[in-house]
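Novice: Quick one: the structure is below, and I'll ask about it shortly.
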Amino acid sequence: MADSPLVTVQCLVYNHEPFLRQCLDGFVMQETSFPFEVLIHDDASTDGSAAIIREYAEKYPDIIRPIFETENQYAKHDGSLRRIVHGALNPAAKYVALCEGDDYWTDKHKLQKQVSFLESHPEYNMCCNRTLLYSEKDKRMIAENHCYDSTRDIEIKDVVRRTGLYISTCSIVYRKTMRPDFGKYRQLAPVGDYPLQILCALKGKIRYFDEPMSVYRVNNSASWMSRQQWGSSSPQNLKRIRSMVDMFQAFANDYPEHAALFRNKVAQYVNTQSPIAQVSPEQNKEYFLAFKDITDGYPFWWKIDLYFRKHRDVFSRFYVKYLSRRVLNRYRTKRKFYRC
């Protein structure tokens, strides 16, 4: 079946033993009219993930194609992981589906629905679906991640403004032809799903299916999100934010018709990623000094917002914690409060 797959499912695994069977079961239950394969990359897990993958590879040899590393590639931070996975994609596959080892699919027709749509609509580069959010801490579904209240196309402004979490990675199927252009922006960013979503929206269309077909696991200590030093002035966090800014600016340069949208996103991203209220004034100052080249060019309303975020008085903390998040963010989205 995997000799000439129409779809490659890309699954990255690292210490996902407690969740991996649920993930793999979601793959092998898929009912399709076309062949597909599951490329599973185990990044030298230290738990029992590799043994589970071997078990499924033996049971489903026509579907499961594993890669086992002897040393962790992600920790090298040199693009090794990206190059290995990209090089292993089957040349015959037209589409790539994404799902990491701690997430899973719930609809046995997910691939069939999404790939059939892409096959009959060549102007679309990606499709995605509504996703349930499962809290590993609470051991229950706590919410849903849905782009809109109905099945429809996703607008480029929503993809850029709402970051990569707007579209759940485990819901994505995209055309593999996007990968060559995607590589440039992926090298700049610390994540791959967000620049991929932006590029697919810029070069075509993205279709959103308002059907719950996948589950995204939150509050999971093994995930990439949990390992980030959010709300700090650590070198790792400053580097992460700067790399995202570089990615936005690259898109602005390459797609001048959307330059204002990306410049606005740079300002919004630097402000909202600022250290949380609990950090010291020194860390807060260090953060904004690191991005002075950006904040110096802010328009008037961005500078007002920046003033409150930089200062540590009682009102400023109230602004950052409550007013900015609950009031101004909604106002900005609806009224385009900030213009760059």
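The values are calculated or read from the model by the stated rules, or taken from the named source; none is laboratory data. The structure presented is a predicted model; accordingly, all values stated were derived computationally and were not measured. Cβ placement follows ideal geometry from the backbone for every residue including glycine, while neighbour counts extend to all protein chains displayed. To get the accessible areas, we keep the full protein, side chains included, count just its heavy atoms, and leave off ligands, DNA and RNA. Shrake-Rupley method; radii C 1.70, N 1.55, O 1.52, S 1.80 Å.
Novice: For the chain, what is the mean residue ellipticity at 222 nm derived from helices alone (per DSSP H run of n ≥ 4: -39500 (n - 2.57); sum divided by total residues; nearest 500 deg cm²/dmol)?
Specialist: Taken over the chain, the calculation gives -12500 deg cm²/dmol.
Novice: Next question, about the same structure. Kindly provide the pair-distance distribution of the range 97-218 built from C-alpha pairs, with 5 Å bins from 0 and whole-percent values in order of increasing distance.
Specialist: 2, 12, 22, 25, 21, 12, 5, 1, 0
Novice: A further question follows. For T151, enumerate residues with amide H under 5 Å from its amide H, sequence gap 5+ or separate chain, H modeled in the peptide plane.
Specialist: D210
Novice: Could I ask something else about it? Please work out the ratio of the alpha-carbon Rg of the range 28-105 to 2.2 N^0.38 Å and round it to two decimals.
Specialist: Normalised Cα radius of gyration, the range 28-105: 1.15.
Novice: Further, regarding this structure: From the C-alpha coordinates alone, can you work out the Kirkwood hydrodynamic radius of the range 1-55, in Å?
Specialist: Evaluated over the range 1-55, this radius sits at 11.9 Å.
Novice: Next question. Among all the lysines, which ones have a C-alpha under 26 Å from K139's C-alpha, if same-chain residues fewer than 8 places away are not counted?
Specialist: Cross-link targets: K108, K110.
Novice: Further, regarding this structure: Might you tell me the accessible area per residue for the range 1-123, computed with a 1.4 Å probe and given in Å²?
Specialist: Value for the range 1-123: 44 Å² per residue.
Novice: So how long is each side of the chain along the principal axes, counting just the alpha-carbon atoms, biggest first, in Å?
Specialist: 61, 43, 37
Novice: First compute the accessible area of the range 1-146 with a 1.4 Å probe, then give the percent of it belonging to carbon and sulfur atoms.
Specialist: Roughly 50 percent, rounded to a whole number.
Novice: Continuing with the same structure: What shape does the range 246-307 take by its C-alpha gyration tensor, where a ≥ b ≥ c are the square roots of the eigenvalues and a/c under 1.5 counts as rounded, a/b above b/c as prolate, and the rest as oblate?
Specialist: Working: a/c = 2.61, a/b = 2.04, b/c = 1.28.
In terms of gyration-tensor shape, prolate.
Novice: Between V218 and residues 5 or more places away or on another chain, which pairs have amide H atoms under 5 Å apart, with H built 1.01 Å from N, and which residues are they?
Specialist: Y134, S135, E136
Novice: May I pose another question? Quick one: work out the % antiparallel among DSSP beta bridges in the chain, nearest 5. Numbers along the way, then the final one.
Specialist: Numbers: 14 of 41 bridges.
Roughly 35 percent of the DSSP beta bridges within the chain come out antiparallel.
Novice: Treat every Asp and Glu Cβ in the chain as -1 and every Lys and Arg Cβ as +1, leave all other atoms uncharged, and give the resulting dipole magnitude about the Cα centre to the nearest 20 debye.
Specialist: Dipole of the chain, to the nearest 20 debye: 1820 debye.
Novice: Okay, moving on. Quick one: which residues, 5+ away or cross-chain, put their amide H under 5 Å from the amide H of A44? H built at 1.01 Å from N.
Specialist: Hits under the 5 Å cutoff: E69.
Novice: Which value, in debye to the nearest 20, gives the size of the charge dipole of the range 51-180 about its Cα centre, when Lys and Arg are +1 and Asp and Glu are -1 at the Cβ?
Specialist: 200 debye
Novice: So which chymotrypsin sites (Phe, Trp or Tyr not before Pro) in the range 119-148 end up in coil per DSSP with only 15 or fewer other C-beta atoms within 10 Å?
Specialist: Of the chymotrypsin sites (Phe, Trp or Tyr not before Pro), the ones in loops of the range 119-148 whose Cβ has at most 15 other Cβ atoms within 10 Å are Y148.
Novice: With the cut-off at 1.5 for a/c, could you classify the range 22-180 from its C-alpha gyration tensor as rounded, prolate or oblate?
Specialist: Rounded is the answer for the range 22-180, as its axis ratio a/c remains below 1.5.
Novice: How large is ³J(HN,Hα), in whole Hz, for each residue of the range 80-97 in order, when computed from phi with the Karplus curve 6.51 cos²θ - 1.76 cosθ + 1.60 and θ = phi - 60°, using x for Gly and Pro?
Specialist: Each residue's phi maps through the Karplus curve to give 4, 4, 4, 5, 5, 5, 4, x, 8, 4, 5, x, 7, 6, 8, 10, 10, 10 Hz.
Novice: Okay, next question. Tabulate in residue order the Karplus-calculated ³J(HN,Hα) for the range 148-157, using 6.51 cos²θ - 1.76 cosθ + 1.60 with θ = phi - 60°, rounded to whole Hz; enter x for Gly and Pro.
Specialist: So the J values, rounded to whole Hz, are 9, 8, 7, 5, 6, 7, 8, 7, 4, 5.
Novice: To the nearest 10 degrees, how steep is helix 110-120 against the longest Cα principal axis of the chain, on a 0 to 90 scale?
Specialist: Once rounded, one gets 80 degrees.
Novice: Per-residue HN-Hα couplings for the range 24-33, Karplus 6.51 cos²θ - 1.76 cosθ + 1.60 at θ = phi - 60°, whole Hz, x for Gly and Pro?
Specialist: Values per residue, Gly and Pro as x: 5, 4, x, 6, 6, 7, 4, 10, 9, 8 Hz.
Novice: Checking the cross-link filter: which lysines have an alpha carbon closer than 21 Å to that of K113, excluding same-chain neighbours under 8 positions apart?
Specialist: Candidates past the 8-residue exclusion: K94, K176, K205.
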